[in-house]
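Remarks on the structure that follows.
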Amino acid sequence: MPSDNEQYEFKLQGGIPFPPFVSASQAFPDLTVEVEWSEAALGEDDAGRILFIFSRAPFSMHDLNRELLAAGIGLVAAQHLEGGPEAQLYVHAGSTELEMFGSYETSFVENDKNSIAWPVPNILGVRPRANAPH
């Protein structure tokens, strides 16, 4: 739990406050936002590992944070990357290929009918280091 000295900056995007970390939901348990969307997020667990988070099912930011904290994955921080139909996760590792994309967003695409990945302006890529132990 954050100390009394810690402060959180809530940035507004389209009038919606986006807390920068999951810990903000712990610090402000009564904060609710009445909009929902599919979500792509970047997180970190208690071992310092990067977590790529995706949910096609729509959640408010607060509700998704609560679900993630209750999932038992050791999540200590998460950052919203994209929501709605633009939210995507693509994994290609060895013979495994997985493509997931969002659909629902309050006041924009209020259905789960999206069947294609939308063009996105930003991509996070990960590859193993040449000298990484296997």
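The values are calculated or read from the model by the stated rules, or taken from the named source; none is laboratory data. Keep in mind that this is a model prediction, so the values were computed, not measured. A quick note on method: Cβ atoms are made from the backbone with ideal geometry, for glycine too, and the neighbour counts reach across all protein chains shown.
Quick check: anything in the stretch 113-123 under 16 Å from the mean Cα position of the chain (by Cα), closer than 18 Å to E36 by Cβ and part of a loop (DSSP other than H, G, I, E, B)? No: zero hits. All of Y90, Y104, Y8 fail the test of being hydroxyl-bearing (S, T, Y) and at pLDDT below 90, apart from Y8. If the condition is being part of a strand (DSSP E or B) and among the hydroxyl-bearing types (S, T, Y), then the stretch 76-112 contributes Y90, T96.
The residue that is nearest to G102 (Cα to Cα), among those in the stretch 32-80 that are of a type in the set (A, V, I, L, M), surrounded by 16 or more Cβ atoms within 10 Å (Cβ to Cβ) and under 9 Å from the mean Cα position of the chain (by Cα), is A40. In the set (1) farther than 22 Å from E34 by Cβ; (2) in a loop (DSSP other than H, G, I, E, B); (3) in contact with a Ser or Thr (Cβ under 9 Å, 6 or more places away or on another chain), the condition left unmet by A130 is number (3).
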